[in-house]
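Data block below; observations after.
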Amino acid sequence: MTFSRMWREHRYLAKLAMVVTLFASFLSGQNLAHPRAVAMGGAFTAIPDGLFSVNSNPANLAFPEDFNTYFYLGGLDWQITNNFYSLLTTAKYGGKDLTVDDGELQREFINDLPENGWRTTSSLRIPLPLINFSKGNKSFTTNILYAGDYYVSKPALDVIFGNWEKGVEYDTDLRIDAMTAIEYAYSMGIPYDNISFGFSLKYYQGLGYFGLAPGQSSGTIKVDTANFVLTGSGDYLFRQSGAGRGVGVDLGFTYRDKSGLDIGFCVQNIAGLIRWNSPTLFSTGNSILKLMGNQLKSGMIKNTDLDLPFDGESYHYEFEFRNIAGDRLFEGDSSYSDFFYSKREIVEDDSSAFNTKLPLVLRFGLAKQVSNDLLLAMDFSTGFRDRFNYNKGWRLSMGMEYTYLPKLPFRFGMAIGDITGWEVNLGSGLHIGFAHLDWAVGFHRGIWVHTSKGIHFSLGSYFTGKRKTS
């Protein structure tokens, strides 16, 4: 019996990793964007209007532009992205036996895997109709959010796909975060001459969460250099909850120069967190949690000897390899349990609250109306945590809006950095009187459908009040 065959006999970690890389393709997550922002590549901090300022820069509420009133009628913002798979990659490797031809295809697959690990994220935001509006310098918004973020480290991928070397310790790092919540926000912009300050006070009603507990889930596997003896251990805590509540604050600043240059700055998710296993008056129980995947009960990592009623339990898994050598596996008095130990248990934690922190994000933007029908914008943004669809490090966005036909604006944008790598976006709209419809589409790490590793689609319709005359 080879080590790779023995590993395949115990597939729990492999299944858990595949949840990380595949399950997200059916879900979506927290991305707070409007079609105009998406089409311009996210270069939006200095230029949003009305209620669209709430999740970009609330200070802009102090400067109503064409309209004093906005009512969001409906729409959605959805994206899915990863740093490895595309339709082209799927055609090359999907459904094929990687071990044929002496493992040549397997070697190509392992060589193509990203060195910083395999990460898949997706996002969905649905504004609730007519409960998203702004009037003057104030706004109230209500959005349904789903956040999904899944990661497998490169060493864990090497172990799963048989790329083992002697003397190397493999860190089997896995991350899972999936969250559903309703976000309520009250926002205001306060003007002072050509400067404005703004804030958004946010309340989150958590509807469902599952994921691996950060700092409490880790594992290592090592092959001894001299004797090719396998050792290793791991400890993973999978937490879930069907009820939570949390808060967050956004602060913004905008400066408008008389030359037409706009400068915007925003800090998002200050003190943002959701405390789970904290029921509220409007908690929905476990129905949302089941819709989010029901993974441990009937999904890809189901364990048939466990019954999980989704009442807030956590799932604890441990394993240990005990100096496994090839010659010992064939000893007559040896058993599988002599070499491998594992433990699965449900941890009753209905009354044990835990927190998930929302990543702090900084945004800085510049915009210039270079002519009556051409607007140029540029943004810098950075996050401080690799969680919930945010990434540590900077992101640069550039965009333009051409309004030669005001009823049919054309928008284009590009961005580099963050979880999407690099992206190309475009969009337009149809504006007739008080009725407005905007759309945008973006492609990540590729400009063609079959080569891109992610897609972003945004659609929104809204009504406005009478056009301002001054």
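The values are calculated or read from the model by the stated rules, or taken from the named source; none is laboratory data. The model shown is predicted, which means the values in this text are computed figures rather than measured ones. Every residue, glycine as well, gets a Cβ built from its backbone with ideal geometry; the counts of neighbours run over all protein chains shown.
Those strands (runs of 3 or more DSSP E) of region 165-270 in which 1 or more residues are closer than 20 Å to SER381 by Cβ, touching a strand residue (DSSP E or B) at 6+ places or on another chain (Cβ under 7 Å) and in contact (Cβ under 8 Å) with a residue 60 or more places away in the chain occupy 174-192, 195-212, 244-256. Taking ILE432, is it more than 19 Å from ARG125 (Cα to Cα) and modelled with pLDDT under 95? Answer is yes for this residue. Is it the case that some residue within region 65-77 is in contact with a helix residue (DSSP H, G or I) (Cβ under 9 Å, 6 or more places away or on another chain), buried (at least 20 other Cβ atoms within 10 Å of the Cβ), over 23 Å from GLY427 (Cβ atoms) and not hydrophobic (A, V, I, L, M, F, W, C)? No, region 65-77 has no match at all. Number of residues in region 232-269 that are touching a Ser or Thr at 6+ places or on another chain (Cβ under 9 Å), surrounded by fewer than 22 Cβ atoms within 10 Å (Cβ to Cβ) and among the β-branched types (Val, Ile, Thr): the value is 2. Screening the candidates ASN137, ASN163 for the property of being of a type outside the set (Val, Ile, Thr), at negative phi and buried (at least 22 other Cβ atoms within 10 Å of the Cβ) yields one hit, ASN137. Within region 270-281, restricting attention to residues that are among the polar types (S, T, N, Q) and either surrounded by fewer than 16 Cβ atoms within 10 Å (Cβ to Cβ) or in contact with a Phe, Trp or Tyr (Cβ under 9 Å, 6 or more places away or on another chain) (or both), which residue is farthest from THR356 (Cα to Cα)? The extreme case among them is THR280. With respect to (1) part of a loop (DSSP other than H, G, I, E, B); (2) under 24 Å from the mean Cα position of the chain (by Cα); (3) modelled with pLDDT of 90 or more, the lone exception for PHE52 is condition (1). Count of region 55-73 residues, restricted to those that are over 24 Å from GLY248 (Cα atoms) and either part of a strand (DSSP E or B) or out of contact with any Asp or Glu (no Cβ under 9 Å at 6 or more places or on another chain) (or both), is 4.
Any idea which residue in region 347-361 is surrounded by the most Cβ atoms within 10 Å (Cβ to Cβ), counting only those that are hydrophobic (A, V, I, L, M, F, W, C) and in contact with a Gly (Cβ under 8 Å, 6 or more places away or on another chain)? Per the criteria, the residue is LEU358. On the basis of being of a type outside the set (S, T, N, Q), at pLDDT below 90 and in a loop (DSSP other than H, G, I, E, B), does ALA46 make the cut? No, not satisfied.
Can you pull out the residues in region 132-164 that are free of Cβ contacts under 8 Å to residues at least 40 places away in the same chain and hydrophobic (A, V, I, L, M, F, W, C)? Answer for region 132-164, where residues must be free of Cβ contacts under 8 Å to residues at least 40 places away in the same chain and hydrophobic (A, V, I, L, M, F, W, C): just ILE144.
All of PRO35, PRO48 fail the test of being touching a residue at least 40 places away in the same chain (Cβ under 8 Å) and either under 21 Å from LEU362 (Cβ atoms) or crowded, with 24+ Cβ neighbours inside 10 Å (or both), apart from PRO35. Selection within region 382-428: residues that are among the polar types (S, T, N, Q), closer than 30 Å to TYR209 by Cβ and surrounded by fewer than 23 Cβ atoms within 10 Å (Cβ to Cβ). The member of this set that is nearest to the chain's Cα centre (by Cα) is ASN391.
Scanning region 92-114 for residues being in a loop (DSSP other than H, G, I, E, B) and either aliphatic (A, V, I, L, M) or touching a residue at least 60 places away in the same chain (Cβ under 8 Å) (or both) gives a total of 2.
Here is the figure for region 437-460: residues that are crowded, with 19+ Cβ neighbours inside 10 Å and under 20 Å from PRO406 (Cβ atoms) total 4. For THR89, are the conditions met, namely being more than 30 Å from TYR462 (Cα to Cα) and in a strand (DSSP E or B)? Against the criterion (more than 30 Å from TYR462 (Cα to Cα) and in a strand (DSSP E or B)), THR89 does not qualify. May I ask you to verify whether GLN79 is part of a helix (DSSP H, G or I) and in contact (Cβ under 8 Å) with a residue 40 or more places away in the chain? Considered against the rule, which asks whether it is part of a helix (DSSP H, G or I) and in contact (Cβ under 8 Å) with a residue 40 or more places away in the chain, GLN79 comes out as no. Scanning region 99-116 for residues that are out of contact with any Lys or Arg (no Cβ under 7 Å at 6 or more places or on another chain), aliphatic (A, V, I, L, M) and closer than 20 Å to SER153 by Cα returns a single hit, ILE110.
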